[in-house]
1. What are the ³J(HN,Hα) values, in whole Hz, obtained from phi via the Karplus relation 6.51 cos²θ - 1.76 cosθ + 1.60 with θ = phi - 60°, for each residue of segment 77-93 in sequence order, with x given for Gly and Pro?
2. Any chance you could check the Cα centroid distance between segment 175-200 and segment 78-112 for me, in angstrom?
3. Which GluC sites (Glu not before Pro) in segment 438-502 sit in a loop by DSSP (not H, G, I, E or B) and have at most 15 other Cβ atoms within 10 Å of their own Cβ?
4. Name the long-range amide H neighbours of Gly267: under 5 Å, sequence gap of 5 or more, or other chain; modelled H, no Pro or chain starts.
5. How do 294-307, 47-60 rank on mean C-beta neighbours within 10 Å, highest first?
6. With a bin width of 20 angstrom, please list the P(r) values of the chain as percents of all Cα-Cα pairs, from the 0 bin to the one holding the largest distance.
7. Using θ = phi - 60° and the Karplus curve 6.51 cos²θ - 1.76 cosθ + 1.60, what whole-Hz ³J(HN,Hα) does each residue of segment 433-440 get, with Gly and Pro shown as x?
8. Between segment 1-22 and segment 364-416, what is the separation of their alpha carbon centroids in Å?
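Please treat every number below as a calculation from the coordinates, not as lab data. What you see is a predicted model, and the numbers here were worked out from it, not measured in a lab. Neighbour counts are summed over all protein chains in view; Cβ atoms, including those assigned to glycine, are modelled from backbone coordinates with ideal geometry.
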Amino acid sequence: MEFSTKLGNPEKTRTQCVIVGVYEGKTLTTTARLLDKASGGAIRKVVNRGDLSGKAGETTMLHEVDGVNAQRVLIVGLGNQETADAARYIKVVSAAISALKSTPAKNTLCCLLEVDAEGKDSYWKARRIVERFEDAVYRFVDMKGKPPEQEVTLDSVGLQLADREEQDSVEAGIEDGLAVAAGVRVHKDLANTPGNICTPLYLADTAKKLARQFKGLKTTIIEEDEMLKLGMGSFLSVSQGSDQPGKIIIMEYKGADTKAPPHIVVGKGITFDTGGISLKPGAGMHEMIFDMCGAASVFGTMTCVATQQLPLNVIGVVAAAENMPSGRASRPGDIVKSMSGQTIEILNTDAEGRLVLCDALTYVERYKPASVIDIATLTGAAVIALGSPASALYSNDEELAAEIEAAAEETRDRVWRMPLWEEYQSQLNSAFADMQNIGGREAGSVTAACFLARFTKQFRWAHLDIAGSAYRGNGPNKGATGRPVAALTQYLMDRADEEDEA
Ligand code: BES
Ligand code: MN
Ligand code: ZN
């Protein structure tokens, strides 16, 4: 989709739909007032009649308004102007987009930059508009026999500026919004691709393709024989049950001095999770094609970073394996030795994410990283605790946690901090080994994070459990959400800004 900035009279603009807002209490925005004037009071009339109360997210479509060149005028309720904030802004933009999507309009003039969002500037608003539009028009059609007739016709969006001063920041917002949207699309396409196609090999090939696409990006693959030499007994205990060989995929992006310590993102890439010998129930098992959403987030983030050519060193690592039951699969009760030297009693083969991640996390010690963030659809318990609005955040470093929280708030790709207290660690004590891979029914997302914490003492580390936020497993909106690509990219953009200032 194309985005551009527009100056001048919105009533004169030839567009298939102009979008304007009205606050509660019949307060028209500047553009709404202009259109109202040009049309001899058409908007005020609708508002006075009570067709639109101004409640946030309410919409009314007017057709062929006299004095306005647009074919349609979409009026969106903005809520109480006094309490307008970022959350409301997103709600309003989303409501406008969904009303627009039910029309055949191909282009639109969006006059929502002027809407209040508690201190947010026009860069922020432009970026959110671009990201919401791109999200809304996404369809996963790669697997359709013949391409479906396009349901969404919209292909160009003009953003109405208040004045020329706004131009640069809005254009910057569009550019960054498009870069994030490109990363989000990579995440969605990969995550939506089913397990028979999206195998560890497929992910490795995707990483090689990415390296060809972007300069400054290098991909290397660690194969199982090398993992054996590295002592990655924990990772291999998962991949051994599958006919698909496991792979650890390393994507190194160099945007800064070779000596600058890298920021590392590590993704859980279980391309299908049957549970292994601790087999999952049949109902809902199909959802486990999404058990590589952490990996998809790494691919999406690396795409953004490389697109924006951020002046940072960033390494993306994907722990890719399939969790299958077979004659070679690990059994409940098996004890394996991780690369760290710590031994693990596998009491449940369905707690496999932590088993592949712990060895990948030990491996990245060698880079002496500035920060390490792992991203994983790690536990059903995270879904129970937080649902879809927030990814669960854990960290062994207060500053890193605050930086991630700030990036997540800024992008509205939200996280919620969870505890990593010592008290929870005892749930992982094992009679036979250094630890067991499950911590019982209580605090399942916390004990999974506590398990990983035993492998990340050497660096500043954070863990995002995205089991609730990364995808919708069923229903009309089934599919990957692209989260938390926006938050991760923002975190890295903020680090790049710090470098600039230093
Ligand atoms: N991939 C699942 C976690 C998951 C469950 C993600 C539901 C999304 C939706 C993970 O590998 C898993 O099976 N975790 C187990 C851990 C348990 C055995 C300690 C779980 O959450 O039930
Ligand atoms: Mn599992
Ligand atoms: Zn899993």
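1. Coupling constants for segment 77-93: x, 10, x, 5, 4, 4, 9, 4, 9, 4, 4, 4, 4, 5, 4, 5, 4 Hz.
2. That distance is 25 Å.
3. Loop-located and lightly packed - Glu442.
4. Correct list: Val317, Val318, Ala319, Ile375.
5. On the way: 294-307: 29.9, 47-60: 15.3.
Descending packing order for the listed peptides: 294-307, 47-60.
6. 23, 50, 23, 4, 0
7. Each residue of segment 433-440 in turn: 10, 5, 6, 10, 8, 10, x, x Hz.
8. Segment 1-22 and segment 364-416 have Cα centres spaced 38 Å from each other.
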